[in-house]
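Reading through the structure tokens given below for one structure.
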């Protein structure tokens, strides 16, 4: 697919034409600004284009969900963000939201309803699984990952927070790879260290960085790809791999990137 | 002699009942210090959770071996207490083994089953003692376990062992008395486990045997009543509170934080949105978040009394595992300590101390990643995370005492609508990069 044909409609554009998309792709701050994570956004948009899903983004109208503010204790700021986002979403009569960020996912899904924002919210791992199940994406065809070993790191806000354990694994199993589990996985998964607004400050004094502890566990599996489904986890694990001087042998990718690679997008 | 025993028994039972009732009132008062939160909805889910997690010990089985040993002690506690009912009736009526004639051979079968449980409890407690003190499982030796908590745990295990030995000793002497045809000792049939103890008492003359048997009987019943009272002062309250605590546990997805409705109205006013009760004067504005135990929900305080300090939360905590000061168990223990202090000092909450700062430090709660590993790990559905997050709310909104990096993050969200310092107008640049 040539990049020039890629369409990234905004809600405002569609609204002006009197159209409304099936889903809103909530990009999130990391997906919009973080250099590394922007490639996940791009990969996901390519997949959406390929399968021809009717979608749109908010573009410049998107704003932080308020998750880190709430976790750090600033309820005022969280609710300010939430309520202005809800106003924007209501303006476009949004019904269904897909996001690649588990923190946005959790907040939109679980915390916006109390403030009047009710949507069907799904994480991109579940969305990708649905595309695979429906046969719209056939990642194993290209054999891009034949013989590779992948381990999956559970994001706390997907896993324990919302019980999404199977969808990301189903996506990975659809690639032609060997999926190996870390010692602490699923309900026992070890945090990457970034949740609860830790992403935005240095760790408290201690013996070790949490992301290093987790990366060591991932490396112990012998996997050459660490798969993640969260922007913060991705950053923390990539930093961990760097700290262990393994960046040439071991790569950290998001699920959407792996699917896009398998589909040669 | 019989009457004397009966009178004594009534006195002992009355005293234990009085002390227990006082302690129950104390704990109730402690839990009621907390703020209201509705946990009476979704009843069928709540019953299910209690049956599975408390009664069925579902979460214990994440670690199969300790779970099995714990199951012995738990089953022993539940079932042997049926025998205590007989003890109490016997004590009051001046009878001995009052159920025996009614149950016939089933009585002997039942006693053998109780003896099996007593041996299982005894074995499990010995292994637990070894695990705590010799094998040194790390979670039993964290800083918050120094002194009293460790002594408390060992006292409980030793007491349980002695109580079980008393049952077996009592049954052994009882069997000997039956064999000698002493009056008032109905036949129970052979009791398997206590028979091994018979040689110890073989040569004791009947008169002294009766004294021994009575001593074991009294020791066991006083021990059990004393233990029941002791439990209310110890970390062992989970044997009762596990049931209500799992019933009233949070049923929402773990990622969902409780909304602060007091903030919602103010934010609506600020944004010019129609607020509920906008015309009504604001109700008495309490604190935002929690500084002390009365700012927490009653469920958090019930959590504090329910905790048995097993430390599974702390063992799973990513911050604790990497050497940070945070220990979810210490958060819960500190909450209980503070509730007890509030109830026992004559100035109550106003004794110049607060949960935050005097019992829990900023450093501890700042280390939390809100990963919910502690919540997931707890076998009785205690939620240390909600206490941590309430304390953070107080620090952020009342003290403005959040770490500087967080204050910068707050400012970024306010001015740039993203937690990082990027221009909001650059938010959609990725699309141009993609189209290139």
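Here, each number is a calculation from the coordinates, and none is a lab measurement. Note that the structure is a prediction, hence the values are computed from the model and not measured. Counting neighbours? That spans all protein chains shown, and the Cβs are built from the backbone with ideal geometry, glycine included.
Rg and Dmax, both from the Cα atoms of chain B and both in Å, are 27.9, 103. So, R0 is 51 Å and r is the distance between the beta-carbons of residue B:7 and residue B:337; what FRET efficiency does that work out to, to 0.05? About 0.80, to the nearest 0.05. Rounded, prolate or oblate, given the Cα gyration tensor of the protein assembly as shown, with a/c below 1.5 counting as rounded? Prolate is the answer for the protein assembly as shown, as a/c is 1.5 or above and a/b outweighs b/c. Across q = 0.10, 0.19 Å⁻¹, region B:133-283 modelled as identical point scatterers on its alpha-carbon atoms has Debye log10 I(q)/I(0) values of -0.65, -1.11, in the order of the q list.
Taking label positions 7 Å along the Cα-Cβ direction at both residue B:262 and residue B:65, the computed distance is 4.9 nm, reported to one decimal. As a proxy for reagent exposure, ranking B:184, B:346 by other Cβ atoms within 10 Å from fewest up yields B:346, B:184. Between 0 and 90 degrees, the angle of helix B:238-247 with respect to the longest Cα principal axis of chain B falls at about 40 degrees. Averaging Cα coordinates gives a centre for region B:9-58 and one for region A:179-221; these two points are 37 Å apart. Residue order for B:307, A:156, fewest other beta carbons within 10 angstrom first, comes to B:307, A:156.
Per residue of B:264-271, other chain Cβ atoms within 10 Å of the residue Cβ number 4 on average.
Here the residues A:239, B:292, ranked from fewest to most Cβ neighbours within 10 Å of their Cβ, fall in the order A:239, B:292. Which of A:253, A:78, A:232 moves the most in a Gaussian network model of chain A with Cα springs under 10 Å? In this elastic network of chain A, the residue with the biggest mean-square fluctuation among A:253, A:78, A:232 is A:78. In this structure, residue B:116 and residue A:186 have a Cβ-Cβ separation that, at R0 = 60 Å, corresponds to a calculated FRET efficiency of about 0.95. In the protein assembly as shown, helices alone account for a calculated mean residue ellipticity at 222 nm of -16000 deg cm²/dmol, with every DSSP H run of four or more residues adding -39,500 (n - 2.57). Rounded, prolate or oblate: which fits chain A when a ≥ b ≥ c are the square roots of the eigenvalues of the alpha-carbon gyration tensor, with rounded for a/c under 1.5 and prolate only if a/b beats b/c? Since a/c reaches 1.5 but b/c is at least a/b, the shape of chain A is classed as oblate.
Extension gain, residue A:133 to residue A:208, is 22.9 nm, computed as 0.36 nm per intervening residue step minus the present C-alpha separation. A simple spin-label model places the labels of residue B:123 and residue B:43 4.2 nm from each other, with each point 7 Å out along Cα-to-Cβ. Counting only alpha carbon atoms, the long axis of helix B:328-344 and the longest principal axis of chain B meet at about 80°. As a calculated quantity, the FRET efficiency between residue B:150 and residue B:78 at R0 = 22 Å, using C-beta atoms, amounts to about 0.25.
Comparing B:398, B:414, B:309 in a Gaussian network model of chain B where C-alpha atoms under 10 Å apart are linked, the largest mean-square fluctuation is found at B:414. Shape summary of region A:3-127, radius of gyration then Dmax from alpha carbon positions: 14.1, 44 Å.
If the elastic network links every pair of Cα atoms under 10 Å, which of B:340, B:205, B:115 fluctuates the most in the Gaussian network model of chain B? Maximum among the listed residues: B:205. Shielding by partners for peptide A:59-67, expressed as the average number of C-beta atoms from other protein chains within 10 Å of each residue's C-beta, is 5. When the Cα gyration tensor is reduced to axis lengths a ≥ b ≥ c, the ratio a/c is 1.5 or higher for region A:81-188, and with a/b not above b/c it is classed as oblate.
Distance from the C-alpha centroid of region A:121-145 to that of region B:139-159: 51 Å, rounded to the whole angstrom. Site pair residue A:53 and residue A:5 shows an inter-label distance of 2.0 nm when each label is modelled 7 Å from Cα along Cα→Cβ. Look at where the Cα atoms of region B:404-435 and of region B:169-221 average out, and the two centres are 80 Å apart.
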